[in-house]
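Trainee: The structure under discussion is supplied below as structure tokens; questions concerning it will follow.
The values are calculated or read from the model by the stated rules, or taken from the named source; none is laboratory data. Here the structure is a predicted model, which means the values were calculated and not measured. All Cβ positions, glycine included, derive from the backbone under ideal geometry; neighbour counts span all protein chains shown. Note: areas computed on protein heavy atoms with side chains; ligands, DNA, RNA excluded. Shrake-Rupley method; radii C 1.70, N 1.55, O 1.52, S 1.80 Å.
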Amino acid sequence: MRVVILFGSEMGTSETAAECVADELASTHDVSVYDMTDFDVDDLDAANFYIVVCSTYGDGDLPTGAEPFFDTLDARTPDLTGLRFAVFGLGDSVYGDTFNRGGELAAEKLIARGAVQVGEHARHDASTEVRVRDMAREWARSLPVPEFASA
């Protein structure tokens, strides 16, 4: 089955995390990685499994790299019934209530269109000693990637 990893980043850390998730899943799945700025909302397909890797920017906002994708999603309001996804969020707990809000916003927007979130919503904290690369790999190993029946 195809796994599509979409990352939204401000400083590039989400791209690093996305590549680590891809490395973990590549031996058992067909994996593609896209910057959200290069992925068209019209290409979302319920036959694929999506992993959203998204940082948080400013006062709990989506990063600049994710805004166009989610603005288009809001404008076109596609029916994403049947689409399954997982989220790996990045943030810094020093920001309190807005910690990891970018990933949460991404999940909320997909769910509002009918998609279903699976697995643990990962929340990397830049204020800890845990390296994003290590957490992304560990999370990917435990991710319940759904199997889809062949058409």
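Trainee: With a 1.4 Å probe and all protein chains left in place, how much of the accessible area of segment 3-142 comes from carbon and sulfur atoms, in whole percent?
Mentor: Values: 2870 of 6590 Å².
That fraction is 44 percent.
Trainee: As a test of the formula, what do you get for the chain when each DSSP H run with n ≥ 4 contributes -39,500 (n - 2.57) and the sum is divided by the residue count, at 222 nm and rounded to the nearest 500 deg cm²/dmol? Don't skip to the answer; put the middle values down first.
Mentor: On the way: 4 runs with 46 residues, N = 151.
Calculated at 222 nm, the ellipticity per residue is -9500 deg cm²/dmol.
Trainee: Over the chain, with a Gaussian network built from C-alpha contacts below 10 Å, which listed residue (Ser14, Ser55, Ser93) shows the highest mean-square fluctuation?
Mentor: Answer for the Gaussian network model of the chain: Ser93.
Trainee: Sticking with this one: Assuming 0.36 nm per residue, please report the length gained on full extension of the stretch Val118 to Asp134 beyond their Cα-Cα distance.
Mentor: Numbers: separation 16, 0.36 × 16 = 5.76 nm, distance 2.07 nm.
Once the chain is fully extended between Val118 and Asp134, it gains 3.7 nm.
Trainee: Then there is this: Using the scaling law 2.2 N^0.38 Å as the reference, what is the normalised Cα Rg of the chain? Intermediate results must be reported in sequence, preceding the final value.
Mentor: Working: Rg = 14.2 Å, N = 151, 2.2 N^0.38 = 14.8 Å.
Taking the Cα Rg and dividing by 2.2 N^0.38 Å, one obtains 0.96.
Trainee: Determine how many Å³ per residue the convex hull of the Cα atoms of segment 1-55 encloses.
Mentor: 63 Å³
Trainee: I'd like the antiparallel share, as a percent to the nearest 5, of DSSP beta bridges with both residues in the chain. Let's see the in-between values first.
Mentor: On the way: 1 of 25 bridges.
Roughly 5 percent of the beta bridges in the chain run antiparallel, per DSSP.
Trainee: Within the set of other residues whose C-beta is less than 15 Å from the C-beta of Gly96, count the net charge using Lys and Arg as +1 and Asp and Glu as -1. Write out the running numbers ahead of the final one.
Mentor: Details: positive: Arg101, Arg123; negative: Asp59, Asp61, Asp92, Asp97, Glu104, Asp125.
With Lys, Arg at +1 and Asp, Glu at -1, the neighbours total -4.
Trainee: Which of the DSSP-defined H helices in the chain satisfy a minimum axial length of 27 Å, computed from C-alpha atoms, and a minimum mean Kyte-Doolittle hydropathy of 0.5? Provide the component values of the computation, followed by the final result.
Mentor: Numbers: long enough: none.
Long hydrophobic helices here: none detected.
Trainee: Mean-square fluctuation check for the chain, GNM, Cα pairs under 10 Å: which of Val53, Val94, Val21 is largest?
Mentor: Maximum among the listed residues: Val94.
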